[in-house]
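**Q** Input: one structure, supplied below.
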Amino acid sequence: MNLRAHHIFCLQLYEGKGYSEAFCKNMNRIRHELCEFPKSEICLRIEADDICAHCPNLVNKHCNFGQANTTERDKIALRILGLEEGARVSYALIQARLRSAMTAEAFAQLCSRCYWYEQRVCSWEKLSRVLVSNKDCLGNQS
Ligand code: SF4
């Protein structure tokens, strides 16, 4: 599965809101797949991915929601995770990195200018609760 790096963080706090019905259906499928099969391999990208593929904001392989902004966010996400673009890793490893590397400062750096943060869908309090709970997105204890 190809995922742009900042989408790793979006997946943690996704609560069914998105850009279209097709987008949400695809996001639900991906989230479910990752949680069911945490050892499946993810290739981390700084470009349109399997989530963007069903997004109405993707035009000619570019994000109409703000290409520079999304690219910058991917780079910050990779720095936080300590991984390189093109790295192939399991979702389980990424979740472990998230738990050890995520801080309020890192969250602010990555997410404070995002549309979904402004809509109050995402917050550091919410993310830290998800990470501390040690539960995956299906509610399974890990
Ligand atoms: S196209 Fe842009 S807004 Fe849509 S999922 Fe991809 S990065 Fe997000």
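**Q** What is the one condition in (1) modelled with pLDDT of 95 or more; (2) within 14 Å of the ligand (Cβ to nearest atom); (3) more than 23 Å from LEU34 (Cα to Cα) that LEU110 does not satisfy?
**A** Among (1) modelled with pLDDT of 95 or more; (2) within 14 Å of the ligand (Cβ to nearest atom); (3) more than 23 Å from LEU34 (Cα to Cα), LEU110 violates only (3).
**Q** List pairs: first residue in region 105-133 and under 12 Å from GLN12 (Cβ atoms), second residue among the acidic types (Asp, Glu) and loosely packed, with under 13 Cβ neighbours inside 10 Å anywhere in the structure, Cβ distance under 7 angstrom, at least six positions apart or on different chains.
**A** Hits for this filter: VAL121/GLU15.
**Q** I'd like the full set of residues that are in contact with a His (Cβ under 9 Å, 6 or more places away or on another chain) and of a type outside the set (Val, Ile, Thr), limited to region 51-65. Please lay out each step first, then the result.
**A** Kept after step one, since they are in contact with a His (Cβ under 9 Å, 6 or more places away or on another chain), are these residues of region 51-65: 51-52.
Within region 51-65, CYS52 is the sole residue that qualifies.
**Q** Hey, among the residues in region 21-75 that are crowded, with 18+ Cβ neighbours inside 10 Å and β-branched (Val, Ile, Thr), which one's farthest from TYR91 (Cα to Cα)?
**A** Applying the filter and picking the extreme gives THR70.
**Q** Sticking with this one: Output the strands (runs of 3 or more DSSP E) that fall wholly within region 1-94 and possess 2 or more residues being away from the ligand (no atom under 14 Å from the Cβ) and in contact (Cβ under 8 Å) with a residue 40 or more places away in the chain, or say none.
**A** On the way: elements: 2-4, 41-45, 88-90.
Ranges flagged: 41-45, 88-90.
The values are calculated or read from the model by the stated rules, or taken from the named source; none is laboratory data. Note that the structure is a prediction, hence the values are computed from the model and not measured. Reconstructed Cβ throughout: ideal geometry from the backbone, glycine too, with neighbour counts over all protein chains shown.
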